[in-house]
Amino acid sequence: MGFLSKYSSQILGVTRIVAGLLFLEHGTMKILGFPPGMHPPLMSMAGAAGVIEIVAGTLIVLGLFSRCAAFIASGEMAFAYFLGHFPRAFFPAQNGGDAATLFCFLFLYLASAGPGSFAVNSK
């Protein structure tokens, strides 16, 4: 699929924006209660995760300090997987950790590859 090579920066930028919006949605669900879902106390581990998801998700969407934000988000997802999902079962499809695993590695990739197109800054 060599014809897509010339669009790699734009595809990376769109991937960053979509992943950031999905991550941001998890944070707003925890902290703001929108969309309706879990609403943990702010001073809990899930509340702290919600704050990280809102801040990092916003920075990733904007492409502002996105490498640092993506690295922190990747670490949060690894932490969430091993504390919240892995104890339930070994395989992500069984323990509900599919999204955490994908987010972890997608954000690790974004931390190394950079923001792509449509970023406030390109560092």
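Some values worked out for this structure:
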read-out	value
Percent accessible area from carbon and sulfur atoms, the stretch 69-123, protein chains only, probe 1.4 Å	73
Residue-span extension gain [GLN94 to MET1] - 0.36 nm each, minus C-alpha spacing	30.1 nm
GLY63 long-range amide H proximity, modeled H, under 5 Å	VAL120
Whole-number percent relative contact order across the chain, with pairs defined as alpha carbons under 8 Å at least 6 apart	29
Cα point-scatterer Debye curve for the stretch 80-123, base-10 log of I(q)/I(0) at q = 0.16, 0.17, 0.21 Å⁻¹	-0.52, -0.55, -0.67
Overall dimensions of the stretch 1-114 as given by Cα atoms, namely Rg and Dmax in Å	14.8, 49
Sites GLN10 and THR58, calculated FRET efficiency, Cβ-Cβ separation with R0 30 Å, nearest 0.05	0.90
Projected label distance in nm at MET38 and SER117, using a 7 Å step from Cα toward the beta-carbon	3.7
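The values are calculated or read from the model by the stated rules, or taken from the named source; none is laboratory data. Please read these numbers as outputs of a predicted model, since none were measured by experiment. Virtual Cβ from ideal backbone geometry, glycine too; neighbours counted across all protein chains shown. Surface areas here come from the heavy atoms of the whole protein model, side chains and all, with no ligands, DNA or RNA. Shrake-Rupley method; radii C 1.70, N 1.55, O 1.52, S 1.80 Å.
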